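As structure tokens, the structure follows; a few thoughts come after it.
The values are calculated or read from the model by the stated rules, or taken from the named source; none is laboratory data. Values in this document were obtained by computation on a predicted structure and should not be read as measured data. Note that we place each Cβ from the backbone using ideal geometry, even for glycine, and neighbour counts take in every protein chain shown. Heavy atoms of the whole protein, side chains included, go into the accessibility calculation; ligands, DNA and RNA do not. Shrake-Rupley method; radii C 1.70, N 1.55, O 1.52, S 1.80 Å.
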Amino acid sequence: MLSIKNLQAEIEGKQILNGINLEVKAGEIHAIMGPNGSGKSTLSAIIAGRQEYQVTAGSITFNGKNILEMSPEARACEGVFLAFQYPIEIPGVSSINFLRTAINERRKYNGLEPIEATDFLKTMREKMELIKMDKSLTSRSLNEGFSGGEKKRNEIFQMAMLEPTLAILDETDSGLDIDALRLVSEGVNKLRNKDNAFVVITHYQRLLDYIIPDFVHVLYKGRIVKSGDKSLALELEEKGYDWIKNEVEQVNN
Amino acid sequence: MNLQEQIQHDFRKYLAHENNDSSEIFAQLRHKAIAEFEKTGLPNIKNEEWKYTNLRNISSLSFNSSSDISNNAKKLLNENSLNAIKANHLVFINGRFYNDLSNIIENDKSIIISNLETERKNNSVHLEKHFGKYAKIEGEGLNAMNTALLNDGVFVYVPINQKVEHPILITNIVDATEFNVLSQPRNLILVEKNSSVQIIENYLSTGINASFTNVVNEIFVDENAKVEHYKIQQQCGESYQNNFTQFFQNTSSNINQVTLTLDGALIRNNLHFYMNGENCNSLLYGFYLTEKNNHIDNHTRVDHASPNCYSDEKYKGILKDESTAVFNGKIIVHVDAQKTNAYQRNQNILLSETATINTKPQLEIFADDVKCTHGATIGRLDDEQLFYLQSRGISKDSARRILLNAFADEIAERIKIPELVQILEAEIEKKL
Ligand SMILES: Nc1ncnc2c1ncn2[C@@H]1O[C@H](COP(=O)(O)OP(=O)(O)OP(=O)(O)O)[C@@H](O)[C@H]1O
Ligand SMILES: [Mg+2]
């Protein structure tokens with residue numbers, strides 16, 4: 001589904017990604033871990049189409065299409081979704097209208113008629129129920145004045161509404177309380193099927209107890225330096241990153 | 001002939017026929033005003049209040065005072081989207097009142113909705129008492145010019161304890177199809193105790209020639225009276241406008257004023273409030289959308305001359321292309337005006353590198369127990385907000401429009417007449 005080959009990228013002349021290779025197939029869950037500043041959010045932003053970063057080498061294909069050439073909105077319509085690490089507040093834009101517009105633009109892209117108002121409301125109720133999101137949040141401006149956890153939950157709610165084929169969750173667990181973490185994880189598990197895939201960026205093994213990854217990757221200095229199964233996350237939880245950093249330094253020397 | 005000479009010439013012409021109307025107060029005022037105009041002249045950029053707005057283009061124009069109107073004006077009137085409002089509609093073209101094109105639906109009660117010229121012929125006591133009492137001419141060349149040679153305008157009198165059911169819609173059209181047009185509307189609106197009225201001033205234009213609309217509004221709002229006042233400016237092409245509005249408020253009066261400036265080559269608004277009694281409420285909101293080389297200048301002045309009054313001001317602008325906007329908001333808290341609450345904000349979004357905004361809040365506070373805040377922001381559309389919307393599948397164009405509409409919404413919310421909100425939305429849709 002997603003195939004990243006030798007991806008290199010920079011911002012303001014500063015190299016951040018140094019040749020990322022990643023293959024994600026339908027039905028899989030990949031976890032990406034790694035120290036602060038290693039490039040995890042940069043990678044997800046580049047997949048979603050943020051233009052500020054300059055891709056200097058490599059390729060990203062999604063379902064066989066080169067998405068580096070596509071606008072962010074086209075990628076979203078193709079089925080890519082990014083749950084932001086720091087969702088931005090958009091005062092004055094109603095959450096409901098925003099969601100309806102997003103859904104309809106995607107439907108239009110796929111040659112479908114706009115969603116019926118009743119269907120929209122019904123889906124909204126179901127998905128809110130799924131992650132127990134407070135109804136009052138959708139009647140407010142998008143993320144405006146939301147608490148940290150509410151913003152994260154709203155990202156997952158949007159994901160549930162948009163039903164992407166590839167969802168990248170950038171530290172969605174940070175800021176969620178214990179119950180919310182469980183609900184959000186359960187939500188993800190319910191949305192999971194053989195045709196979609198998840199890339200979960202996290203610092204904490206705990207999330208991976210709920211959302212069980214098929215692969216765990218460690219990103220360090222803009223490179224995936226280690227990959228393994230879910231036991232790698234446990235090992236990291238126990239030992240930290242130093243041993244991996246050491247391994248990398250040794251190879252470099 | 002430049003404008004200054006033209007005014008003097010027109011005044012001599014007026015003098016030749018003066019005995020027609022020498023009986024009344026207008027004559028006296030006209031004489032005083034022409035003297036003031038000759039002394040003060042047109043404002044120029046050496047005047048601190050006119051530093052950013054240059055009337056050079058206007059002062060060198062010559063105008064023709066033809067009274068013929070073309071079919072274009074009638075067409076414009078018929079297509080006017082405000083026609084959908086059930087209103088007392090008064091139509092002025094090139095400053096003259098057109099009774100046959102107007103439709104006054106509430107003239108039954110003691111309420112007077114008419115034109116100034118009719119009221120003048122009736123030797124109105126209201127004019128005697130109020131006309132020229134609020135809009136200052138000393139040092140105000142353009143007000144003096146209007147007073148000396150005013151065409152006509154709306155006269156409204158709402159007696160005590162009355163509510164005008166339907167809005168009063170004043171459509172001012174300049175028809176510059178044949179010649180350059182000078183139009184000088186003059187409106188006087190009197191709202192007595194406990195009464196209320198909604199007023200819409202609508203400015204339109206047609207024709208390829210230049211026009212200068214020089215308006216003076218005097219609005220007297222007595223105790224506990226309520227006025228909703230909307231100004232919609234959408235004159236196109238080479239049209240210039242100076243719009244002076246003075247509200248004079250007595251105790252516990254309420255004003256909600258919204259100015260929408262959507263088109264015009266050069267517009268200068270002077271919006272003044274004078275709080276003559278306690279517990280007055282004045283809300284003033286504005287939205288301007290500028291493009292090409294439009295120049296839009298909003299000068300506002302709120303005189304907190306009495307204690308316990310509240311004013312809230314918010315002006316927002318979106319600037320495109322090489323356009324320029326000016327915002328200058330003056331709040332004057334007089335010596336005795338304790339417990340004043342005055343708020344003012346100006347926010348701008350620049351959509352191009354070449355657009356310019358000059359914004360300046362001015363607080364002059366002479367009382368000690370007051371709450372005043374002000375602030376101005378100038379920014380661009382937020383890239384991160386755009387990206388967020390796009391990342392959900394919304395096209396860049398829609399995302400821009402969503403954000404700009406959200407920006408304008410705060411002003412739109414202050415408009416209680418849905419048709420006006422629609423005009424605003426349509427204009428944003430069209431231009432952005
Ligand atoms: N706009 C930018 N300008 C300059 N440097 C940037 C920019 N964006 C990211 N960087 C740098 O790129 C590096 C990678 O940042 P990124 O946000 O991708 O890290 P991360 O792995 O997500 O970290 P964290 O775990 O703290 O979220 C950091 O050193 C960061 O400072
Ligand atoms: Mg990050």
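Quick notes on this one:
- Residue match in region A:186-199 (condition: within 16 Å of ligand 2 (Cβ to nearest atom) and within 17 Å of the chain's Cα centre (by Cα)): yes
- The criterion of at least 3 residues that are among the acidic types (Asp, Glu) and surrounded by 14 or more Cβ atoms within 10 Å (Cβ to Cβ) is met by the following helices (runs of 4 or more DSSP H) wholly inside region B:365-432: B:418-431.
- Leading residue by the ranking (nearest to ligand 2 (Cβ to nearest atom)) among those in region A:21-54 that are out of contact with any helix residue (DSSP H, G or I) (no Cβ under 6 Å at 6 or more places or on another chain) and β-branched (Val, Ile, Thr): A:Thr42
- Whichever residue in region B:248-268 is closer than 30 Å to B:Glu322 by Cβ and outside any strand (DSSP E or B) and, among such residues, is farthest from the chain's Cα centre (by Cα): B:Ala265
- Scoring B:Cys236 on the criteria (1) modelled with pLDDT of 95 or more; (2) under 26 Å from B:Val181 (Cα atoms); (3) out of contact with any His (no Cβ under 6 Å at 6 or more places or on another chain) leaves a single failure, condition (1).
- For region A:104-139, the candidate set comprises residues that are touching a residue at least 24 places away in the same chain (Cβ under 8 Å) and within 13 Å of chain B (Cβ to nearest Cβ); within that set, the residue that is surrounded by the fewest Cβ atoms within 10 Å (Cβ to Cβ) is A:Asn110.
- Residue that is farthest from B:Leu42 (Cα to Cα), among those in region B:151-166 that are assigned to a loop (DSSP other than H, G, I, E, B) and open to solvent by less than 10 Å² (accessible area, probe 1.4 Å): B:Val164
This table checks each residue for (1) open to solvent by 10 Å² or more (accessible area, probe 1.4 Å); (2) under 22 Å from B:Cys236 (Cβ atoms).
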position	(1), (2)
B:Lys314	yes, no
B:Leu319	no, yes
B:Thr324	yes, yes
B:Val333	no, no
B:Ala337	no, no
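- Under the condition of being outside any helix (DSSP H, G or I) and open to solvent by 40 Å² or more (accessible area, probe 1.4 Å), the residues counted in region B:45-60 number 7.
- Region B:402-424, residues that are without any contact (Cβ under 8 Å) to a residue 60 or more places away in the chain and within 14 Å of chain A (Cβ to nearest Cβ): B:Ile402, B:Leu403, B:Asn405, B:Ala406, B:Asp409, B:Glu413
- Yes/no for A:Ile60 being within 16 Å of ligand 2 (Cβ to nearest atom) and either among the β-branched types (Val, Ile, Thr) or open to solvent by less than 20 Å² (accessible area, probe 1.4 Å) (or both): no
- Those residues of region B:277-311 which are of a type in the set (Gly, Ala, Ser) and either under 19 Å from B:Gln249 (Cα atoms) or out of contact with any strand residue (DSSP E or B) (no Cβ under 8 Å at 6 or more places or on another chain) (or both), in sequence order: B:Gly277, B:Ser282, B:Ala305, B:Ser306, B:Ser311
- Any chance B:Gln249 is closer than 18 Å to B:Leu142 by Cα and open to solvent by less than 20 Å² (accessible area, probe 1.4 Å): no
- Leading residue by the ranking (nearest to the other protein chains (Cβ to nearest Cβ)) among those in region A:3-51 that are polar (S, T, N, Q) and within 27 Å of B:Ile394 (Cβ to Cβ): A:Gln51
- Screening the candidates B:Ala84, B:Ala35, B:Ala16 for the property of being open to solvent by 40 Å² or more (accessible area, probe 1.4 Å) and under 30 Å from B:Lys163 (Cβ atoms) yields one hit, B:Ala84.
- Selection from region A:196-229 of residues that are surrounded by 17 or more Cβ atoms within 10 Å (Cβ to Cβ) and more than 24 Å from A:Phe62 (Cα to Cα): A:Gln205, A:Leu207, A:Leu208, A:Lys221
- Of the residues making up region B:115-135, those that are in contact (Cβ under 8 Å) with a residue 40 or more places away in the chain, farther than 21 Å from B:Asn103 by Cβ and of a type outside the set (Lys, Arg) are B:Asn123, B:His126, B:Leu127, B:Glu128, B:His130, B:Phe131, B:Gly132, B:Tyr134, B:Ala135.
- Residue among A:Gly79, A:Gly92 that is within 14 Å of chain B (Cβ to nearest Cβ), open to solvent by 30 Å² or more (accessible area, probe 1.4 Å) and more than 16 Å from ligand 2 (Cβ to nearest atom): A:Gly92
- Selection within region B:371-401 - at the interface with chain A (Cβ under 9 Å from one of its Cβ atoms) and β-branched (Val, Ile, Thr): B:Ile394
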